[in-house]
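The block underneath contains the structure these notes are about, expressed in structure tokens.
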Amino acid sequence: MIRPVAVLTERTFGSSSSRFRWLRSTLLMARLTLHEARRRKILWAAFGLGSVLLTLYGVGLFYIVKESLTHDLSPIRRNQTYNIIAVMGLYAVNYLTVLMTILISVDTLAGEIATGTIQSIATKPIRRLEIVLGKWIGFASLLSLYLLFMAGGILILTYAQTGFIPRHVLRGLALVQLESLLLLSVTFLWGTMFSTLTTGVLTLGLQGVAFIGGWIEQYGVIENNQTVTKVGLLASLIMPSESLWRRAAFEWQSAIINATGYSPFSGVSVPSDAMVVYAGVYLLIALGLAIHQFAHRDL
């Protein structure tokens, strides 16, 4: 049973007369969001299956390394192989993080609005702005922990067995984190306007547009076809999430791999810094629109 937020605020942070009451209310909503995720066993399911994936990666990498040692490979070529394997593992992490972002947040606003649960939360003194921001911070914290656990596991297993670590690790992780937060904001925006099912369909549909657009753009660059390249770029402007992954892969891959294209994640068309900034602005606009829409709709 959800207790009145006003009561929880007083118990947790004391008097509500402080000038920072809005911050305390927002952090309280974040705490309630994490508590709800734990109650629904989302954390156990995500980290449990994540551990299975890491175990499979570790076992597979062990036999790949064992096999590679039987061949007379130069250290440079051996490291390129380990680099590709590590990025493929990180690609799986990126894929799971995208799905986690959409699945855990798709029901938080749309579902609570549909069932009327949100009415027990959206009472004074907490404002609707604080509800949306608090939930967003709660999910963002949860997804950050998940990404750190999964990507950290891939990198530690790779380094422990090969002594290799991809370049620009933190820069790539920041880009994947930005991709997750972008999708979280878009899911929140749809959740203030549509049902849970429609919210999921719209967000996954946009992610599909971004995914296909990225491959179309790269094909256009390889074939030197400006029209095809522009179509792919347009898809990235509609939804820039996949561009963030492609930039992260470029950062993690060695200069040799990016130059030769000796990888499934080719560096022939690298999203620019301007595209990364565009994705950040896109995130802020989506979150701002979600707050505005939730603040002005009937519950």
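Would you call Thr97 crowded, with 16+ Cβ neighbours inside 10 Å, in contact (Cβ under 8 Å) with a residue 24 or more places away in the chain and not basic (Lys, Arg)? Criteria met by Thr97.
Only one of the numbered conditions (1) touching a Gly at 6+ places or on another chain (Cβ under 6 Å); (2) open to solvent by 10 Å² or more (accessible area, probe 1.4 Å) is not met by Glu112, and that is (1). Please work out if Tyr63 is aromatic (Phe, Trp, Tyr), in contact with a helix residue (DSSP H, G or I) (Cβ under 9 Å, 6 or more places away or on another chain) and not in a loop (DSSP other than H, G, I, E, B). Against the criterion (aromatic (Phe, Trp, Tyr), in contact with a helix residue (DSSP H, G or I) (Cβ under 9 Å, 6 or more places away or on another chain) and not in a loop (DSSP other than H, G, I, E, B)), Tyr63 does not qualify. Scan the stretch 52-71 and tell me whether some residue there is farther than 27 Å from Ser254 by Cα, within 22 Å of the chain's Cα centre (by Cα), surrounded by 13 or more Cβ atoms within 10 Å (Cβ to Cβ) and in contact (Cβ under 8 Å) with a residue 40 or more places away in the chain. No, that holds for no residue. Select from the stretch 159-199 the residues that are among the β-branched types (Val, Ile, Thr), buried (at least 17 other Cβ atoms within 10 Å of the Cβ) and either outside any helix (DSSP H, G or I) or touching a Gly at 6+ places or on another chain (Cβ under 9 Å) (or both) and list them in ascending order. Result: Thr187, Thr192, Thr196, Thr199. Looking across Thr203, Thr187, Thr196, Thr229, one residue alone is in contact with a helix residue (DSSP H, G or I) (Cβ under 9 Å, 6 or more places away or on another chain), modelled with pLDDT under 95 and closer than 26 Å to Trp136 by Cβ. It is Thr196. Entry remark, the stretch 207-230: residues being crowded, with 19+ Cβ neighbours inside 10 Å and within 30 Å of Ile118 (Cβ to Cβ) number 2 in total. Looking across the stretch 33-46 at every residue that is at pLDDT 85 or above and open to solvent by less than 50 Å² (accessible area, probe 1.4 Å), the one that is nearest to the chain's Cα centre (by Cα) is identified as Ala46. The residue pairs whose first member lies in the stretch 72-87 and is on the phi > 0 side of the Ramachandran plot, whose second member is part of a helix (DSSP H, G or I) and open to solvent by 50 Å² or more (accessible area, probe 1.4 Å), and whose beta carbons are closer than 8 Å, counting only pairs six or more residues apart or on different chains, do not exist in this structure.
When Leu189, Leu202, Leu129, Leu173 are screened for being more than 20 Å from the chain's Cα centre (by Cα) and in contact (Cβ under 8 Å) with a residue 12 or more places away in the chain, only Leu129 passes. When the test is whether a residue is open to solvent by 10 Å² or more (accessible area, probe 1.4 Å) and either farther than 17 Å from Gly200 by Cβ or hydrophobic (A, V, I, L, M, F, W, C) (or both), Ile137 passes it. Would you check which residues across the stretch 266-284 are within 17 Å of the chain's Cα centre (by Cα) and surrounded by fewer than 16 Cβ atoms within 10 Å (Cβ to Cβ) and list them? Hits for the stretch 266-284 are Val277, Gly280, Val281, Leu284. Check the stretch 141-152 and report whether any residue there is open to solvent by less than 30 Å² (accessible area, probe 1.4 Å) and free of Cβ contacts under 8 Å to residues at least 12 places away in the same chain. Checked against the condition, which is being open to solvent by less than 30 Å² (accessible area, probe 1.4 Å) and free of Cβ contacts under 8 Å to residues at least 12 places away in the same chain, the stretch 141-152 yields at least one hit.
In the set (1) more than 18 Å from Thr187 (Cβ to Cβ); (2) at pLDDT 90 or above, the condition left unmet by Ile76 is number (2). Taking (1) at pLDDT 85 or above; (2) in a helix (DSSP H, G or I); (3) closer than 30 Å to Met193 by Cβ in turn, Tyr82 satisfies each apart from (3).
Residues of the stretch 231-259 that are of a type in the set (D, E, K, R), without any contact (Cβ under 8 Å) to a residue 60 or more places away in the chain and open to solvent by less than 10 Å² (accessible area, probe 1.4 Å): none at all.
Residues in the stretch 236-266 that are closer than 28 Å to Ile154 by Cβ and aliphatic (A, V, I, L, M): Met239, Leu244, Ala248, Ala249, Ala255, Ile256, Ile257, Ala259. Counting only residues that are in contact with a Ser or Thr (Cβ under 6 Å, 6 or more places away or on another chain), over 23 Å from Leu109 (Cα atoms) and modelled with pLDDT of 95 or more, the stretch 251-299 holds 1 of them.
The values are calculated or read from the model by the stated rules, or taken from the named source; none is laboratory data. The shown structure was predicted, so the numbers you read here are calculated from the model rather than taken from an experiment. Cβ sites come from the backbone with ideal geometry, for glycine too, and all protein chains shown count toward neighbours. Just the protein is used for accessible areas: all its heavy atoms, side chains included, with ligands, DNA and RNA removed. Shrake-Rupley method; radii C 1.70, N 1.55, O 1.52, S 1.80 Å.
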